[in-house]
């Protein structure tokens, strides 16, 4: 999950001007070899808008779920097998549950559960989440064991949680930037609302292991012994400084291409981009899948689902509605 796509890099790679054509719903891997940095840049438009508008979330909830979707694309797009990356939060905040399901190589779906009575003006992402935990799960398929990393949420936002995850679980110096915004554009039928988002993940991956020990806690030391100080690597200091300059408006600007944004940041050091990975909003639900799910319920539970002589199931992810007769649902 922490590695960039397995792409062969050669010294003969052509040098060209950055493309000025913006591309939405894509992840753009990149490398700054002079600083031993690898990263990914996500820009999202129609796919994000499709997911969020299916539920008509309040703006703060939509923004938070959008951040979770962007973070998931930055992490899940590194999978090198046909598996799934699932990001999920369970907390005591107004948004008590978030789930984003990324199915490699490009399919996304997401859902948020919230208490409208707890929503207040001015709440930031950390307040909306509250206290609880964030789980990141890599599912490699039925024949492989799952891998899951957990991060405690204690009032911080998703960027904070991602930094904590990489610090504790992956032990790779990492910085993440996430941005979500609402775009209003005029038209003949009045202003049109669309969701946009962007994100960047930057990692310090030097070949020498001792240089990679940046940001990492040296661990427990015996009483009376001073904790060793790890001198920050100049390359990682520069990388952190550069990604800290990225503004939200740059990440979501529909007229600024991802390549031009990367060039703005790293042109003095030189940046190499790799083939982009496209993203799409697509739920995995189907009538057959829902029917199979119903048959896994106990007979009494299926009988309790019958209302007005039919069983109605709504997919929480995409809001698709499936209707079954009692017989089709397996009700005796």
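So between residue 97 and residue 171, what do we pick up on full extension, going 0.36 nm a residue minus the alpha carbon distance? Intermediate results must be reported in sequence, preceding the final value.
Values: separation 74, 0.36 × 74 = 26.64 nm, distance 2.69 nm.
Additional length available on full extension: 23.9 nm.
State, to one decimal in nm, how far the label point of residue 234 lies from the label point of residue 15, with both points 7 Å from Cα in the Cβ direction.
My value for the distance between the label points is 2.2 nm.
Using a 7 Å offset from the Cα along the Cα-to-Cβ direction at both residue 121 and residue 80, what is the distance between the two label points in nm, to one decimal?
Label at residue 121, label at residue 80, 5.2 nm between them.
Counting alpha carbon pairs within less than 8 Å and at least 6 residues apart, what relative contact order, in whole percent, applies to the chain? Show your work: numbers first, answer last.
On the way: 629 pairs, mean separation 72.9, N = 332.
Computed value for the chain: 22 percent relative contact order.
Sorted by packing (mean other beta-carbon atoms within 10 Å per residue), highest first, where do 264-273, 166-175, 64-73 land?
On the way: 264-273: 16.2, 166-175: 18.5, 64-73: 27.0.
Result, highest mean first: 64-73, 166-175, 264-273.
May I ask you to derive the relative contact order of region 287-332, considering only C-alpha pairs under 8 Å and at least 6 residues apart, and to give it as an integer percent? Show your work: numbers first, answer last.
Values: 46 pairs, mean separation 19.1, N = 46.
Contact order relative to length: 41 percent.
Which FRET efficiency value, to the nearest 0.05, do you get for residue 249 and residue 184 by plugging their Cβ-Cβ distance into 1/(1 + (r/R0)^6) with R0 = 22 Å?
Working: r = 14 Å, r/R0 = 0.65.
Efficiency, rounded to the nearest 0.05: 0.95.
Quickly rank 41-48, 143-150, 306-313 as a protection proxy: mean count of other C-beta atoms within 10 Å, highest first. Working shown, then result.
Working: 41-48: 24.8, 143-150: 11.4, 306-313: 13.0.
Packing order, densest peptide first, comes out as 41-48, 306-313, 143-150.
Rank by packing, highest mean first: peptides 107-120, 14-27, 127-140, with packing defined as the count of other Cβ atoms within 10 Å averaged across residues.
Values: 107-120: 16.3, 14-27: 13.6, 127-140: 18.6.
So the peptides 107-120, 14-27, 127-140, ranked by packing, come out 127-140, 107-120, 14-27.
Of [x] 56; [y] 34; [z] 24, which one was derived for percent of Cα pairs over 33 Å apart from the structure shown?
Of the listed options [x] 56; [y] 34; [z] 24, [y] comes from this structure.
Once label points are set 7 Å from the Cα along Cα→Cβ at both residue 287 and residue 113, what is their separation, rounded to one decimal in nm?
Rounded to a tenth, the inter-label distance reads 2.8 nm.
To the nearest 0.05, what FRET efficiency results for residue 143 and residue 296 with a Förster distance of 30 Å applied to their C-beta separation?
Values: r = 21 Å, r/R0 = 0.70.
For R0 = 30 Å, the calculated efficiency reads 0.90.
Taking the Cα centre of each part, how many Å lie between region 274-299 and region 59-103?
Taking the Cα centre of region 59-103 as reference, the centre of region 274-299 is 16 Å away.
If you find the alpha carbon centre of region 15-34 and of region 128-195, how far apart are they in angstrom?
22 Å
Read the figures in this text as sums done on the coordinates, not as results from a lab. Treat the numbers as computed from the prediction; the structure is a model and nothing was measured. Counting neighbours? That spans all protein chains shown, and the Cβs are built from the backbone with ideal geometry, glycine included.
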